[in-house]
Amino acid sequence: MSEKIKSEPSRTETRDTVLEVRNVEVTYEMGRGRARVLDDIDVAIERGETLGIVGESGSGKSMFASSLMHAVQDPGVLNGEIVYHPEDGDSVNLLDLSTRQLKAIRWEEIAIVYQGAMNAFNPTLTIGRHFTETFEAHDVDPDSGLERARDIIKDLNLDPDRLLEAYSHELSGGEKQRALIALGLVFDPEVLILDEPTAAMDLLTQRYILEMLYEIKEEYDLTLVFISHDMPIIAGFADRIAVMYSFEFVEFGNAREVLLQPEHPYTRLLLGATLDLETPLEATHTIEGSPPDPVNVPLGCSFAPRCPISADRCEAEDPELRAEDTTHEVACFFPNRSVEEIGINTADQRRRD
């Protein structure tokens, strides 16, 4: 990984870090070998920012989200350091905490809204019962908890009386998603992780959810980690973007810079494969090949077998995520060739041209 990231101190006068991820990996022992589904991740998440995580399905995005909560399920093994820096109090490595100590961090300091709003609720329980069970699990008085929940539900432009008495089948997809977000906010966390919050929604509902999230972020003074496979959605909402491929970050930087001036071949091909209403069909393409098997990741660059500019060095050496002159980091030996030889054709790029 980047020497720049690894050599930085935990806290600096110019950077206010809320979550610091150091050398984090997740492995699974399988009958045919060890699968590494998160590979040596380093990132400092800044307080108050929206960090976007983007990549194909199976690239490790959701595993990264679970790792931030120290919620990787057995038989997965999580190693490294995930250091939480509260505004008040001592910093703590989540991987050093007991189950009881983690209970005080999860949802109350760091919360997550998992993907799959359509199937997230027990259909035999009202939405209100989901809230009360959450309060009871955290030893919070349900009556006082519901008072706060009602305020949050109103802020999400929903009627609390109707929502809390409803069953999930009585709600639209957008209403279910907002109910999940409300559940994530009931303990006033500092960090909210959103795993594909606009998946399977129509464009109008996606836009509404994004606008509402922007307002909620400001209202509740949140740090957001926003996970998506959709680069245009991420780019329009995030402050910084991390592009994931084969369980590691391959490009990282300012959202607009990564969108308009991507340097990694995968990022450029991913943008070219993204459909929007303004992109001519003849200008779109798929990325040839498939992501590597987590048990048999290539020795060199994990993208080399699919990369149109791959060279012998790429197959022999694994490039580190590094920056030359800016904070825009890329894990590629030939970023200039990538820019010169791999075109992108997004709507934003066409408007710029």
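The values are calculated or read from the model by the stated rules, or taken from the named source; none is laboratory data. The model shown is predicted, which means the values in this text are computed figures rather than measured ones. Note: ideal-geometry Cβ built from the backbone for every residue, glycine included; neighbour counts use all protein chains shown.
Listing for the model above:
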item	result
Options 192, 222, 180: the member that is of a type outside the set (Gly, Ala, Ser), touching a helix residue (DSSP H, G or I) at 6+ places or on another chain (Cβ under 6 Å) and modelled with pLDDT of 95 or more	192
Residues located in segment 287-304, provided they are touching a residue at least 12 places away in the same chain (Cβ under 8 Å), more than 22 Å from the chain's Cα centre (by Cα) and crowded, with 21+ Cβ neighbours inside 10 Å	301
Residue in segment 179-194 that is assigned to a loop (DSSP other than H, G, I, E, B), out of contact with any Asp or Glu (no Cβ under 7 Å at 6 or more places or on another chain) and either under 30 Å from residue 135 (Cβ atoms) or of a type in the set (Lys, Arg) (or both) present	yes
Per-region count, segment 296-310, residues in a loop (DSSP other than H, G, I, E, B), under 29 Å from residue 44 (Cβ atoms) and at pLDDT 90 or above	5
Tally of residues being in contact with a strand residue (DSSP E or B) (Cβ under 8 Å, 6 or more places away or on another chain) and in a helix (DSSP H, G or I) across segment 102-141	2
Test: residue in segment 241-254 that is crowded, with 19+ Cβ neighbours inside 10 Å, under 29 Å from residue 44 (Cα atoms) and at pLDDT below 90	no
Residues being charged (D, E, K, R) and farther than 14 Å from residue 67 by Cα - total across segment 24-44	3
In segment 1-34, residue modelled with the lowest pLDDT [restricted to those that are among the small types (Gly, Ala, Ser) and over 21 Å from the mean Cα position of the chain (by Cα)]	7
Answer residue from segment 83-101, given it is in contact (Cβ under 8 Å) with a residue 24 or more places away in the chain and part of a strand (DSSP E or B) and is surrounded by the most Cβ atoms within 10 Å (Cβ to Cβ) among those	84
Residue match in segment 64-82 (condition: more than 11 Å from residue 38 (Cβ to Cβ), part of a loop (DSSP other than H, G, I, E, B) and in contact with a Ser or Thr (Cβ under 7 Å, 6 or more places away or on another chain))	no
In segment 195-222, the residues that are within 17 Å of the chain's Cα centre (by Cα), in a loop (DSSP other than H, G, I, E, B) and among the charged types (D, E, K, R)	196
Flag for residue 151 being acidic (Asp, Glu), over 23 Å from the mean Cα position of the chain (by Cα) and at pLDDT below 90	no
Residue identified as touching a residue at least 40 places away in the same chain (Cβ under 8 Å) and among the small types (Gly, Ala, Ser) among 272, 236	272
Candidate set from segment 255-295 (those that are part of a loop (DSSP other than H, G, I, E, B) and among the acidic types (Asp, Glu)); member that is modelled with the highest pLDDT	263
Residue that is of a type in the set (Lys, Arg), in contact with a helix residue (DSSP H, G or I) (Cβ under 7 Å, 6 or more places away or on another chain), surrounded by 12 or more Cβ atoms within 10 Å (Cβ to Cβ) and modelled with pLDDT of 85 or more, where the choices are 313, 322	322
